[in-house]
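Chemist: This is the structure, below, for whatever I ask next.
The values are calculated or read from the model by the stated rules, or taken from the named source; none is laboratory data. Since we're looking at a predicted model, the values are computed, not measured. FYI the Cβ positions are ideal-geometry reconstructions off the backbone, even for glycines, and counts take in every protein chain you see. SASA here: full protein model, heavy atoms, side chains in, ligands and nucleic acids out. Shrake-Rupley method; radii C 1.70, N 1.55, O 1.52, S 1.80 Å.
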Amino acid sequence: MLDYLQLADCYAIESLSVFKNHINREEAILTRIIVVGGGAGGLELATKLGRTLGRKRRAEVTLVDRRASHLWKPLLHEVATGSLDAGVDAISYRAHAKNHSFDFQMGSLQDIDRDNKTITLAALYDKHNELLVPARSLEYDILVLAIGSTSNDFNTQGVRDNCIFLDSPEQAHRFRSEMNNQFMKLHANKDQKTVDIAIVGAGATGVELSAELHNAVQELHNYGFGDLDSSRLNINLVEAGERILPALPPRISQAAHNELTKLGVNVRTATMVTKADETGLTTKDGEHIPAQIMVWAAGIKAPDFMKDIAGLETNRINQLVVKPTLQTTRDDNIYVIGDLASCVQEDGSFVPPRAQAAHQMASRCFSNIVAKLSDREQKPYIYSDHGSLVSLSRFSTVGSLMGNLSKGSMMVEGRIARMVYISLYRMHQMALHGMFKTGLIMLVGRINRVLRPSLKLH
Ligand SMILES: Cc1cc2nc3c(=O)[nH]c(=O)nc-3n(C[C@H](O)[C@H](O)[C@H](O)COP(=O)(O)OP(=O)(O)OC[C@H]3O[C@@H](n4cnc5c(N)ncnc54)[C@H](O)[C@@H]3O)c2cc1C
């Protein structure tokens, strides 16, 4: 659906092309760098490129995204429960582009023509399916792909139709709206005992969402739902593996498991879901887990249309295979960063799909693009694991720090862990806004805590 900001973008697209033609006639042709995907990695990269090469007119930097605004993806489970108001934290691409000397074009990447060095963006329609902007092509000299990943349902029967994926702000809003409706029904219907929510996948998303839901219920209790408490929230967190948070050390899994159990979450490990329908989930053992709301957070893949796009090498989950320099194996003019990249490390492991990896890759890709423009050597990206933290809402934060140094064995909990967890988002904000503006944003956040309700209620 297109909102008014998106419409403004469509008009701007037209005027931008006129402006570009004008520039091309007036000035020498600049290197055209296109970054597709303004997420955790892409927006940081476009900002850095704009601030340096764009501002000095050494390159023409364009960011393409299918949305009008950016919201850092790890915040989505908080948006889903209403703990965070996306309207406050989202960044308008157009405004950000203006402040950082790059262009923004709204549109969905559809195809890449490597011979002619162009990308095609799909046509844009309004909510009544009326054409706003036809499909169009953009020319590049250097292309960076950063369109992230989507949930992988492994073709499990009924999942696509019955489960919510927390991949985008729209899906997070859908979850919040369904959750609020269920709580209203519960409040009004004395015969209904619980709201049943099933979450498939006990990675960071599933675990964090389970805890956020308990926080939301406790907050709603204070906002007119006096009969609502944790005992009326029935969450089943279902994991096929032997333990929750399989990517983290066992000690941390156990600590998170204990916290969730204390909150009243039914943690079901070694349970494989084989089907979802409108009444709930079915497991491999034939058990039925009833649920009014189901969330699927059990793995990721790159978007399906990436498979073999433009003859580039892809893996079995459609990620683009890159060299250590983050250039694709078959085209040095195309870089890939973030969740979309399949990047192998020296020890044979793959860079995990995490915000910290996207952040680091944006920096390496930036240096390599600058080096490329001056015919200097491309350097390899080496993933530096600073540890992983999982936020159990306001109840606790657990995780490990400095994974590379201590092999993930330095376990942290409580306030320190919470501070480090938040610092990952602050690093993203610093990369986008610089230190002063990030400081102001933090101050506004504090003020909002006094002025606004602690839960988004409308
Ligand atoms: C609920 C949740 C919680 C998470 N928590 C954590 C955490 O605590 N720590 C952590 O390290 N990681 C976490 N992650 C993972 C982290 O969010 C991702 O690893 C990270 O966002 C990847 O960054 P990216 O730049 O590759 O893609 P994204 O941040 O997903 O950005 C992709 C961008 O591409 C745009 N796009 C997509 N398709 C197209 C297209 N066809 N054309 C144009 N634009 C397109 C999207 O609109 C988006 O702006 C979490 C993920 C989720 C879903």
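Chemist: Which of the listed residues, Ile289, Val159, Ser400, is farthest toward the dipole's positive end in the chain, when Lys, Arg count +1 and Asp, Glu count -1 at the beta-carbon?
Modeler: The Cα lying farthest towards the positive end belongs to Ser400.
Chemist: Still on this structure, I have one more. Tally Lys and Arg at +1 and Asp and Glu at -1 over the other residues with C-beta under 14 Å from the C-beta of His359: what net charge comes out?
Modeler: Every neighbour counted, the sum reads +2.
Chemist: Mind ordering 302-311, 31-40 by average Cβ neighbours within 10 Å, highest first?
Modeler: Listed from highest to lowest mean packing, they are 31-40, 302-311.
Chemist: Could you derive backbone 3J(HN,Hα) for segment 332-348 from the dihedral phi with the Karplus parameters 6.51, -1.76 and 1.60 (θ = phi - 60°), listing whole Hz in sequence and x where the residue is Gly or Pro?
Modeler: 6, 8, 10, 9, 9, 10, x, 4, 6, 8, 9, 10, 8, 9, 4, 7, x
Chemist: Now for a different question. What's the magnitude of the charge dipole for the chain around its Cα centre, counting Lys and Arg as +1 and Asp and Glu as -1 at the beta-carbon? Answer in Debye, nearest 20.
Modeler: Computed charge dipole of the chain: roughly 1360 debye.
Chemist: On a C-alpha basis, how far is the centre of segment 361-378 from the centre of segment 35-92 in Å? Whole number, if you could?
Modeler: 20
Chemist: For segment 147-154, what does the Karplus curve 6.51 cos²θ - 1.76 cosθ + 1.60, with θ = phi - 60°, yield as ³J(HN,Hα) per residue in whole Hz, taken in order and with x for Gly and Pro?
Modeler: Once θ is set to phi - 60°, the couplings for segment 147-154 become 8, x, 10, 10, 5, 10, 8, 6 Hz.
Chemist: Rounded to the nearest 20 debye, what is the charge dipole size of segment 166-216 about its Cα centre when +1 sits on each Lys and Arg Cβ and -1 on each Asp and Glu Cβ?
Modeler: Dipole magnitude for segment 166-216 comes out near 260 debye.
Chemist: Additional query: Which residues' amide hydrogens lie under 5 Å from the amide hydrogen of Gly399, considering only partners 5 or more residues apart or on another chain, with H built in the peptide plane?
Modeler: For Gly399, the qualifying residues are Val390, Val412.
Chemist: How much of Ser363 can a 1.4 Å solvent probe reach, expressed as accessible area in Å² and rounded to 10?
Modeler: 40
Chemist: Could I ask something else about it? Relative contact order for the chain: what percent, with Cα pairs under 8 Å and sequence separation of 6 or more?
Modeler: RCO, the chain: 15 percent.
Chemist: Take every DSSP beta bridge with both residues inside the chain and express the antiparallel ones as a percent of the total, to the nearest 5.
Modeler: Close to 50 percent.
Chemist: Could I ask something else about it? In whole Å, what is the distance between the alpha-carbon centres of segment 271-336 and segment 201-249?
Modeler: If we compute the Cα centre of each part, the gap is 23 Å.
Chemist: Pop out the carbon and sulfur fraction of the accessible area of segment 216-356 as a percent, whole number, probe 1.4 Å.
Modeler: So the carbon and sulfur contribution to the accessible surface is 50 percent.
Chemist: Which residue, Val64, Val351, Phe366, has the largest displacement toward the positive end of the dipole of the chain when charges sit on each Cβ (Lys, Arg +1; Asp, Glu -1)?
Modeler: The residue sitting farthest along the positive end of the dipole is Phe366.
Chemist: Report, in debye and to the nearest 20, how large the dipole of segment 50-206 comes out about its Cα centre when Lys and Arg carry +1 and Asp and Glu carry -1 on their Cβ.
Modeler: 560
Chemist: Considering only DSSP beta bridges where both residues belong to segment 323-458, give the percentage that are antiparallel (nearest 5).
Modeler: Bridges in segment 323-458 that DSSP calls antiparallel: roughly 100 percent.
Chemist: Run through every distinct alpha carbon pair of the chain and return the Kirkwood hydrodynamic radius in angstroms, one decimal place.
Modeler: 23.3
Chemist: Students often check this: by mean Cβ neighbours within 10 Å, which of 120-127, 61-68, 440-447, 315-322 ranks highest, and how do the rest follow?
Modeler: Ranked from most to least packed, the peptides come out as 61-68, 315-322, 120-127, 440-447.
Chemist: From the backbone phi of segment 268-282, what are the Karplus-calculated ³J(HN,Hα) couplings (6.51 cos²θ - 1.76 cosθ + 1.60, θ = phi - 60°) in whole Hz, Gly and Pro given as x?
Modeler: With coefficients 6.51, -1.76 and 1.60, one gets 10, 8, 6, 10, 9, 8, 10, 7, 10, 9, 5, 9, x, 9, 10 Hz.
Chemist: Something else about it: Compute the distance in nm between two label points, each set 7 Å from the Cα along the Cα-to-Cβ direction, one at Ser384 and one at Met410.
Modeler: 1.3
Chemist: Taking R0 as 41 Å, what's the FRET efficiency between Glu377 and Ser137 from their Cβ-Cβ distance, rounded to 0.05?
Modeler: E(calc), rounded to 0.05, equals 0.80.
Chemist: Just need the relative contact order of segment 297-442 here, percent rounded to a whole number, with Cα pairs under 8 Å and 6+ apart.
Modeler: 12
Chemist: What full-extension length gain, to one decimal in nm, is calculated for Met442 and Ile29 as 0.36 nm per residue of separation minus the Cα-Cα distance?
Modeler: That pair, Met442 and Ile29, stretches by 144.6 nm at full extension.
Chemist: Mean projection of the alpha-carbon convex hull of segment 303-458 over all orientations, in nm²?
Modeler: 13.0
Chemist: Let me ask something else about it. In Å², what does the accessible area per residue of the chain work out to with a 1.4 Å probe?
Modeler: 47
Chemist: Roll a 1.4 angstrom probe over the protein heavy atoms and tell me the percent of accessible area of segment 132-206 that is carbon or sulfur.
Modeler: Carbon and sulfur: 49 percent of the exposed surface of segment 132-206.
Chemist: Further, regarding this structure: Quick check on packing: order 247-256, 278-287 by the mean number of other C-beta atoms within 10 Å, highest mean leading.
Modeler: Result, highest mean first: 247-256, 278-287.
Chemist: I've got another one for you. Below 28 Å, Cα to Cα, which lysines can Lys190 reach? Residues fewer than 8 away in the same chain don't count.
Modeler: Lys262, Lys456
Chemist: Rank Asn180, Ser101, Leu455 by how far each Cα sits towards the positive end of the charge dipole of the chain (+1 on Lys, Arg Cβ; -1 on Asp, Glu Cβ) and give me just the farthest.
Modeler: Ser101
Chemist: Would you compute, from DSSP H runs of 4+ residues alone, the mean residue ellipticity of the chain at 222 nm, taking -39500 (n - 2.57) per run and dividing by the full residue count, rounded to the nearest 500?
Modeler: Taken over the chain, the calculation gives -11500 deg cm²/dmol.
Chemist: Can you sort Glu259, Glu377 by 1.4 Å-probe accessible area, starting with the largest?
Modeler: Glu377, Glu259
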